Amino acid sequence: MFLKSAGCVLVCLSLVLSTGVLAAQDPTRPPDARAPGKEVAPPRKITLGSILLAGDRRVAVIEGTALEEGESYDGIHVHRIHRNKVEVTDQGQYRVLYPETLPQVRKSQ
């Protein structure tokens, strides 16, 4: 009887080890350590050159390309063009682009 139960234990133990249940746990890892995941790349720099609003027409110049609402270019999809910002998705991530500020001109004395 003992041999049958010991054999069952060995079979069960070998099944557990072969499935990797115990092998997946690292005993040296601190208890609060998270498993390494996919690192998120920082968003790429997108240049919004200018915004044109004329009647019903709305155009944004993004990366040197004129785009209207609903158009896409190089993974960038334009959703909404406002007078001071443009709402886009860049490769699936929602972003808001603002035109680069012009250098301030000061009067010399």
Subset of the range 69-82, residues assigned to a strand (DSSP E or B) and at positive phi, comes to none
Where a residue in the range 33-52 is within 19 Å of ASP90 (Cα to Cα) and modelled with pLDDT of 60 or more and its partner, wherever it lies, is among the small types (Gly, Ala, Ser) and in a loop (DSSP other than H, G, I, E, B), with Cβ under 7 Å and at least six apart: GLY49/GLY64
Residues located in the range 83-97, provided they are in a strand (DSSP E or B) and more than 15 Å from GLU69 (Cα to Cα): GLN93
Taking only pairs six or more apart or across chains, which ones have beta-carbon atoms under 7 Å, a first residue in the range 71-94 that is in contact (Cβ under 8 Å) with a residue 24 or more places away in the chain, and a second residue that is assigned to a loop (DSSP other than H, G, I, E, B) and acidic (Asp, Glu)? ILE81/GLU69
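The values are calculated or read from the model by the stated rules, or taken from the named source; none is laboratory data. Values in this document were obtained by computation on a predicted structure and should not be read as measured data. Glycine also receives a Cβ, built like all others from the backbone with ideal geometry; neighbour counts cover every protein chain displayed.
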